[in-house]
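Everything below concerns the one structure shown next.
The values are calculated or read from the model by the stated rules, or taken from the named source; none is laboratory data. Note that the structure is predicted; figures quoted are calculated from it, not measured. Please note: Cβ atoms are built from the backbone with ideal geometry, for glycine as well, and neighbour counts cover all protein chains shown. Ligands, DNA and RNA are excluded from the accessible area calculation, which covers all protein heavy atoms including side chains. Shrake-Rupley method; radii C 1.70, N 1.55, O 1.52, S 1.80 Å.
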Amino acid sequence: MQCRILSCIAFSILNICDKGDSVNNVLFELRGITKLFGNVVANKNIDFSVREGEIHALLGENGSGKTTLMNILSGIYTPDSGTIIINGEEVTIKSPEDAIKLGIGMIHQHFKLVDVFSAKENIIMGQAGSSRRNQKELTKELEELSNRFGLNINLDKKIYQMSVSEKQTVEIMKVLFRKSKILILDEPTAVLTPQEIDKLFEILRELRADGCAIVLITHKLNEVMEISDRVTILRKGESVATVETKKTNPKELTELMVGHSVDLSIDRPVVKDKTKDVLKVENLTIYDEEGVKVIDGMSFTVDGGEILGVAGVAGSGQKELCEAIAGLHPVADGTIEFKGRNIVGLNPNEIINLGVSMSFIPEDRLGMGLVANMDMVDNVILKDYRRQKGLLLSRKPARKMALKMVEDLDIVTQGVQYPIRLLSGGNVQKVLLGREINSSPQLLITAYPVRGLDINSSYVIYDMLNEQKKKGVAVLYIGEDLNVLLELCDRIMVICGGRIMGMVDPKDVTIEDLGLMMTGHTYSQILAERGTGQ
Amino acid sequence: MRLPFHIVKRPYMKTYQQVIVRLLAVLTAFAVTSILMIILKKNPGRVLMALLYEPVKNGYFLVQTIKLAVVLLIISLGIGLAFKMKFWNIGAEGQIILGGIGASYLGLFHNDWPIYILLPVMLVASFVTGGLYGLIPAYFKARYNTNETLFTLMLNYIALSILLFLQYGPWKGENAMRPEFDNFKKNALLPSLASSKPWSDLHIGWIISLLLVVIVYIYMNHTKSGYEISVVGESVNTARYAGMNVRWITMRTMMLSAGICGIAGFVQVSGNLKKLSVNVAGGLGFTAIIIAWLSKLNPVVMIVASFLFSVMSKGAGFLEYQNISPAASEMIQGIILFCVLGAEFFVNYKIVRTHREVAQK
């Protein structure tokens with residue numbers, strides 16, 4: 001296998017060497033960048049350069065140092081050693097302000113916008129003199145800018161009224177208005193629908209044509225293949241290779257990224273004897289705290305021995321649905337039957353005891369289900385401590401279970417007595433899912449279990465879910481990555497605005513179909529359109 | 001701007017290193033105090049002796065110091081329970097007063113009961129009155145998510161007013177010229193194990209406090225309810241997802257926390273003051289917050305911390321014999337506290353030199 005890596009590296013070196021055919025100039029270059037956090041090497045002697053009119057993907061697993069490297073370029077961190085060269089001149093970037101002056105604009109994963117301000121106010125904010133300028137002229141300039149790059153945006157709309165994709169467009173405008181030539185986008189597609197991703201890529205292509213240098217931080221291979229010109233792969237803080245996208249393929253990129261060969265397809269084992277309707281939801285209606293209808297008359301079933309995937313834009317009612325089944329959210333109307341028994345009105349503890357298990361990975365990944373400052377034993381004990389008799393709490397069985405989980409799931413930890421906040425994201429999620437599975441549930445609800453995980457860890461999680469399915473557990477899988485949903489699930493339920501748009505067989509639909517349904521088209525509409533199209 | 005040094009978070013510090021850091025902090029505090037004393041033209045050695053040695057010099061002084069430490073310890077234990085749940089109970093003052101009132105009702109009006117019945121009932125009464133008083137902010141926090149910091153703080157003043165009302169009104173002493181509570185009769189007072197001076201002055205409050213240390217320690221670390229407290233304290237959402245009844249846990253824990261503070265009120269009236277008084281709390285509820293925090297909510301460490309705080313505050317009294325004004329002695333206490341609390345920074349962070357070039361491995 002090592003030969004394979006070596007050959008990959010050799011291949012990539014060749015690629016770097018035949019730069020000759022490129023006419024474009026290098027716009028910026030990082031040389032020998034090293035950054036330490038305490039004793040942890042985040043970046044080690046990294047060389048990285050991007051040309052004018054190029055989209056350069058920065059690919060790597062979690063914790064490989066992608067974001068650190070770009071934060072150095074945008075002035076958030078200062079490197080411990082190494083130099084930054086922009087337009088052939090060596091520069092020092094001590095603060096984000098310096099970076100902006102040098103024409104570097106970063107669009108972070110979490111948008112930095114003021115919710116109550118309009119798009120225009122957000123765009124001109126912090127630009128000296130902008131507020132004193134002629135407002136009409138300013139608006140005209142912004143409109144020209146947005147027309148030029150095909151940014152479809154209402155400048156007077158307030159941020160809090162915007163969709164995620166619109167907010168992102170505002171961020172891009174902000175960077176362009178500052179006349180940035182270097183754009184860095186940190187995982188920009190994580191929260192977008194396929195259609196929105198297409199739109200974003202259209203914009204990026206326009207910007208490339210205009211001579212911008214664009215860095216795309218990502219770990220999604222299909223995006224790298226679709227839009228980038230070159231790819232630099234980081235692994236454990238080091239730059240493994242820079243290759244031209246045309247001359248590579250997803251498999252090679254994965255191997256470079258992970259360091260060994262991996263099988264990219266997800267299993268979908270067939271379970272013969274399914275238990276009918278372990279979960280049966282009928283006519284479910286839920287209101288949120290503000291009295292807004294978030295689930296609107298949903299009816300569906302999940303069988304034992306199947307994985308039902310739920311696809312939808314973030315905030316379509318996924319969280320409320322999970323919480324309602326787990327007894328954490330009041331139900332306004334309808335029934336939730338678990339093995340023929342209506343569980344609406346039971347308290348969360350009773351529902352857990354019936355054999356329903358829920359793991360929800362929120363955006364910050366720790367907030368629900370695990371306690372960051374507690375050790376693994378205390379986290380493992382969380383769900384079943386109540387089953388112990390008497391007042392006292394014995395940690396012995398939990399310690400045993402924790403040690404077993406470490407071994408079974410390859411959890412990397414210094415020891416089960418260390419706080420789990422010291423674990424990496426993947427290992428934290430293994431602990432969470434492992435605990436839920438250990439309580440041998442009959443219904444496993446899991447929301448975003450691979451959120452933010454790298455390829456290796458994701459596959460471990462998929463395997464864990466498939467194991468459960470084979471055991472006859474009913475699995476409700478709420479996911480983000482549509483490719484994964486299509487490969488892993490037996491059926492997919494697409495929701496939009498709290499309503500079911502379609503219950504589909506993954507073999508019958510494409511990712512675009514899912515995207516359309518997520519934005520409010522019903523499956524029958526899509527079928528009808530397909531019919532007329534043919 | 002590039003500083004030659006920068007601050008880095010420490011991943012983990014060994015226990016003996018932590019002890020060394022804290023000892024260094026205390027030494028620093030002494031050094032600074034000495035400089036201050038030299039400026040004031042005092043002998044720093046004698047000042048430090050007065051502050052640290054006088055309170056433990058002989059049995060008579062030591063007994064006084066221990067009696068104060070006992071009360072501080074009980075309050076810290078109570079506060080620690082609430083703090084573990086991240087419920088910021090700064091209403092210990094009020095809960096002590098209410099506990100004192102509850103105990104005093106029996107001590108004043110049922111002092112014909114035999115001592116072995118009266119004292120246990122007084123203890124239970126102080127626990128219940130203090131606990132119920134703490135239940136008020138807990139209920140509103142659980143039900144309406146009110147701010148417990150403000151709520152408990154304000155209840156301190158209400159408690160004080162109730163006490164003053166009793167003092168000037170229904171519970172006014174019979175023999176006193178001024179409005180004052182009556183002294184307790186002998187069978188309402190905590191007895192001592194020793195029969196001769198000075199140790200006969202040391203009532204059995206210390207046994208109560210040490211028993212509470214054991215109980216609280218086991219409760220926090222080895223019971224289901226104690227485990228629930230830590231989970232709620234770390235993350236309410238996680239607790240909810242695990243099926244815990246967060247409202248009930250909040251109220252139950254706060255009832256216990258306030259109840260223990262109420263017991264401190266009982267020890268005050270029945271042991272230290274020998275009567276109910278306006279000084280029953282006297283700021284101890286706030287001092288105990290610092291003790292609980294410095295002890296990292298560990299009941300065993302609280303024993304040591306309470307004793308040291310007691311020494312310091314008794315020692316400040318002795319400084320006046322050295323012609324040092326109360327203001328200066330408060331300053332000295334402040335310096336010591338500042339250094340000790342400041343040491344926490346060095347436990348969690350370190351200052352390192354900024355690397356220019358990093359050696360290649």
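Numbers below:
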| quantity | calculated |
| --- | --- |
| Positions within the stretch A:380-413 being more than 9 Å from every other protein chain (Cβ to nearest Cβ), open to solvent by less than 20 Å² (accessible area, probe 1.4 Å) and not small (Gly, Ala, Ser), in sequence order | A:VAL380, A:MET405, A:ILE411 |
| Residue within the stretch B:339-357 that is modelled with pLDDT of 90 or more and not assigned by TED's automatic domain parsing to the domain that holds B:GLY100 present | yes |
| Yes/no for B:ASN272 being open to solvent by 10 Å² or more (accessible area, probe 1.4 Å) and closer than 30 Å to A:THR446 by Cα | no |
| The stretch B:286-324, residues that are without any contact (Cβ under 8 Å) to a residue 40 or more places away in the chain and of a type in the set (D, E, K, R) | B:LYS296, B:GLU320 |
| The stretch B:215-247: number of residues that are free of Cβ contacts under 8 Å to residues at least 60 places away in the same chain and hydrophobic (A, V, I, L, M, F, W, C) | 7 |
| Residue in the stretch B:253-262 that is more than 19 Å from the chain's Cα centre (by Cα), assigned by TED's automatic domain parsing to the domain that holds B:LYS86 and at negative phi present | no |
| Subset of the stretch A:414-469 (residues that are open to solvent by less than 30 Å² (accessible area, probe 1.4 Å), assigned to a helix (DSSP H, G or I) and within 14 Å of another protein chain (Cβ to nearest Cβ)) | A:ILE420, A:VAL428, A:VAL431, A:LEU432, A:LEU433, A:ARG435, A:GLU436 |
| From B:PHE61, B:PHE87, residue being in contact with a helix residue (DSSP H, G or I) (Cβ under 6 Å, 6 or more places away or on another chain) and open to solvent by 50 Å² or more (accessible area, probe 1.4 Å) | B:PHE61 |
| Qualifying residue in the stretch A:505-517 (condition: open to solvent by 10 Å² or more (accessible area, probe 1.4 Å), within 27 Å of A:GLY369 (Cβ to Cβ) and modelled with pLDDT of 90 or more) | no |
| Selection from the stretch A:197-221 of residues that are open to solvent by less than 40 Å² (accessible area, probe 1.4 Å) and assigned to a helix (DSSP H, G or I) | A:ILE197, A:LEU200, A:PHE201, A:ILE203, A:LEU204, A:LEU207, A:LEU221 |
| A:ASN45 at pLDDT 90 or above, more than 27 Å from the chain's Cα centre (by Cα) and open to solvent by 20 Å² or more (accessible area, probe 1.4 Å) | yes |
| Residue list for the stretch A:511-532, filter: among the small types (Gly, Ala, Ser) and either touching a residue at least 24 places away in the same chain (Cβ under 8 Å) or not in a helix (DSSP H, G or I) (or both) | A:GLY515, A:GLY520 |
| The stretch A:184-199, subset of a type in the set (A, V, I, L, M, F, W, C) and within 17 Å of A:LEU221 (Cβ to Cβ), residue modelled with the highest pLDDT | A:LEU185 |
| B:ALA31 being surrounded by fewer than 16 Cβ atoms within 10 Å (Cβ to Cβ), among the small types (Gly, Ala, Ser) and part of a helix (DSSP H, G or I) | yes |
| Qualifying position, being out of contact with any Leu (no Cβ under 6 Å at 6 or more places or on another chain), under 30 Å from A:LYS158 (Cβ atoms) and small (Gly, Ala, Ser), among A:GLY82, A:GLY103, A:GLY88, A:GLY53 | A:GLY103 |
| Single unsatisfied condition, B:HIS222 versus (1) surrounded by 20 or more Cβ atoms within 10 Å (Cβ to Cβ); (2) in contact with a Leu (Cβ under 8 Å, 6 or more places away or on another chain) | (1) |
| Test for B:VAL26: is it part of a helix (DSSP H, G or I) and open to solvent by 60 Å² or more (accessible area, probe 1.4 Å) | no |
| Failed item in (1) free of Cβ contacts under 8 Å to residues at least 40 places away in the same chain; (2) within 27 Å of A:LEU284 (Cβ to Cβ), with A:GLY479 passing the rest | (1) |
| Residues located in the stretch B:5-18, provided they are surrounded by 11 or more Cβ atoms within 10 Å (Cβ to Cβ) and part of a helix (DSSP H, G or I) | B:GLN17, B:GLN18 |
| Members of the stretch B:158-183 found to be touching a residue at least 24 places away in the same chain (Cβ under 8 Å) and under 29 Å from B:MET254 (Cβ atoms), listed by number | B:ILE158, B:ALA159, B:LEU160, B:ILE162, B:LEU163, B:LEU164, B:LEU166, B:GLN167, B:TRP171, B:PHE181 |
| Conditions (1) more than 13 Å from chain A (Cβ to nearest Cβ); (2) out of contact with any Ser or Thr (no Cβ under 7 Å at 6 or more places or on another chain); (3) modelled with pLDDT under 95: number failed by B:GLY233 | (1) |
| Verdict on A:ALA311 being at pLDDT 90 or above and more than 14 Å from chain B (Cβ to nearest Cβ) | yes |
| Subset of the stretch B:236-274 (residues that are among the polar types (S, T, N, Q), in contact with a helix residue (DSSP H, G or I) (Cβ under 7 Å, 6 or more places away or on another chain) and within 12 Å of another protein chain (Cβ to nearest Cβ)) | B:THR238 |
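The rows are residues; the columns are (1) open to solvent by 20 Å² or more (accessible area, probe 1.4 Å); (2) over 27 Å from B:HIS222 (Cα atoms).
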{"residue": "B:GLY80", "(1), (2)": "no, no"}
{"residue": "B:PHE83", "(1), (2)": "no, no"}
{"residue": "B:GLY107", "(1), (2)": "no, yes"}
{"residue": "B:ILE117", "(1), (2)": "yes, yes"}
{"residue": "B:GLY130", "(1), (2)": "no, no"}
{"residue": "B:ILE136", "(1), (2)": "yes, yes"}
{"residue": "B:LEU150", "(1), (2)": "yes, yes"}
{"residue": "B:PHE165", "(1), (2)": "yes, yes"}
